[in-house]
Amino acid sequence: MEIKQNVALAEYTSWLVGGPAEYFCLPETIEDVKEALLWAQNSKQPVTIFGGGTNVLISDKGVRGLVVCLRRFSGVESKEENGRLVVTAMAGTAKSELLKIFLKQKLAPALFLAGLPGDIGGGVVMNAGVAEAFQPREFVEITDWVEVLRLESNGQFTIQRFTKEQIHWEYRHSKGWQPGVIVRVGISWPVQVDTTILDQVRSANKVRLSKQPLDMPSCGSVFRNPTGHKAAQLIDGAGLKGYTVGGAQVSLKHANFIVNLGEAKATDMWQIIEHVRNTIKQIRNVDLQTEVVRLGDW
Ligand SMILES: Cc1cc2nc3c(=O)[nH]c(=O)nc-3n(C[C@H](O)[C@H](O)[C@H](O)COP(=O)(O)OP(=O)(O)OC[C@H]3O[C@@H](n4cnc5c(N)ncnc54)[C@H](O)[C@@H]3O)c2cc1C
């Protein structure tokens, strides 16, 4: 596997912003992932992992050390077992592949997966989910286990399996499995065929298209919904739709999205985030927390 130097990262993110990785690789197999981690340990470089890049804000200054992008580390198997559809996926498998499997079997998880970009590993890390009252609606409900690869300081690799119960699932985050790289995910759902699933997916997609600026680069919702509030309503209520810094703008269509108008910098995004946060604190006394994860040197 090639480890390249000075690779522009913007094109690997859905926001299309951010500077270069000092070193960069795209592993395709578990052996490639191990090679990357060992290379970084031997060269004393820090490691940054990401998947689909749909929930990260990469600094304009870039990321020091080795950046490992898992989107080619993909592959998925499925079978029926004891009345459940059981899926095993490499972490870099796109959620859309999982969607296809559930859609083919006419099973309920297709409905929430249809709204989610990025990889399956990123879905577990973020406990990705939708606001609608679907069942299931978050990754915690479909995940049975994850396998986490670690390189110990003595140069030995371990792969530890964490069951769903051993992971601490929170709203748009999971913990308890760190440190390490999620390499495989086990998912299952009862085989209860619903012949209306495809129609439901189509109408949910229509609603999403009408409410979200899906034709512009974004990272989805920037802020988590604070308890008792909807972030989008707070931002809209503060008159911040359309607020612009450089090439970044609070979407006119959905106030919790910040869109790249074309030439945005990561610092434009961050300035908007700070402005929105300060404004909402000032006028509503609510602390907004970002859902999006900042990577690199800030
Ligand atoms: C248009 C749009 C709509 C969206 N709608 C929604 C929505 O409705 N609901 C929702 O929850 N999210 C939504 N998102 C956000 C995003 O798609 C999800 O959070 C998604 O699950 C992130 O997956 P990813 O592979 O892109 O993760 P990345 O952005 O690549 O990474 C996210 C975090 O996970 C870490 N990470 C990723 N993979 C691994 C791994 N294998 N091992 C260890 N760490 C890892 C990264 O270091 C980073 O901290 C949306 C995004 C966009 C662009």
Where segment 4-69 is the region considered: accessible area per residue in Å², 1.4 Å probe:
42 Å²
Roughly how big is the chain's charge dipole about its Cα centre, with Cβ charges of +1 (Lys, Arg) and -1 (Asp, Glu), in debye to the nearest 20?
620 debye
Please list the radius of gyration and Dmax for segment 153-298, considering alpha-carbon atoms only, with Å as the unit.
19.3, 55
Work from the charge dipole of the chain (Cβ charges, +1 for Lys and Arg, -1 for Asp and Glu, about the Cα centre) and give the residue of GLN289, GLY18, GLN45 farthest towards its positive end.
GLN289
Taking square-rooted eigenvalues a ≥ b ≥ c of the alpha carbon gyration tensor, is segment 4-69 rounded, prolate or oblate, where a/c under 1.5 means rounded and, failing that, a/b exceeding b/c means prolate?
oblate
Segment 84-135 to segment 182-249: how many Å between their Cα centroids?
14 Å
Using the heavy atoms of the protein chains alone and a 1.4 angstrom probe, what is the accessible area of segment 213-295 per residue in square angstrom?
49 Å²
State whether the chain is rounded, prolate or oblate according to the following rule on the C-alpha gyration tensor (a ≥ b ≥ c being the square roots of its eigenvalues): a/c under 1.5 gives rounded; otherwise a/b larger than b/c gives prolate, and the remaining case gives oblate.
oblate
Along the charge dipole of segment 108-200, Cβ charges K/R +1 and D/E -1, which of TYR171, VAL191, PRO109 sits furthest on the positive end?
TYR171
Dipole in debye (nearest 20) - segment 69-219, about Cα centre, beta carbon charges: Lys, Arg +1; Asp, Glu -1
320 debye
For the chain, the accessible surface attributable to carbon and sulfur atoms (probe 1.4 angstrom, ligands and nucleic acids excluded) amounts in percent to 47 percent
For ASP287, tell me the accessible area in Å² from a 1.4 Å probe, rounded to the nearest 10.
100 Å²
Provide, in order from the shortest bin, the percent of all Cα-Cα pairs of segment 149-237 in each 10 Å bin, continuing until the bin that contains the maximum pair distance.
11, 23, 29, 27, 8, 1
Which percent, nearest 5, of DSSP beta bridges in the chain are antiparallel?
80 percent
By per-residue mean of other Cβ atoms within 10 Å, what is the highest-first order of 165-178, 132-145?
132-145, 165-178
Just order 48-57, 198-207 by mean Cβ neighbour count inside 10 Å, highest at the front, would you?
48-57, 198-207
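The values are calculated or read from the model by the stated rules, or taken from the named source; none is laboratory data. All values derive from a computational prediction rather than experimental measurement. All Cβ positions, glycine included, derive from the backbone under ideal geometry; neighbour counts span all protein chains shown. Please note that ligands, DNA and RNA were not included when accessible areas were found on the heavy atoms of the full protein model with its side chains. Shrake-Rupley method; radii C 1.70, N 1.55, O 1.52, S 1.80 Å.
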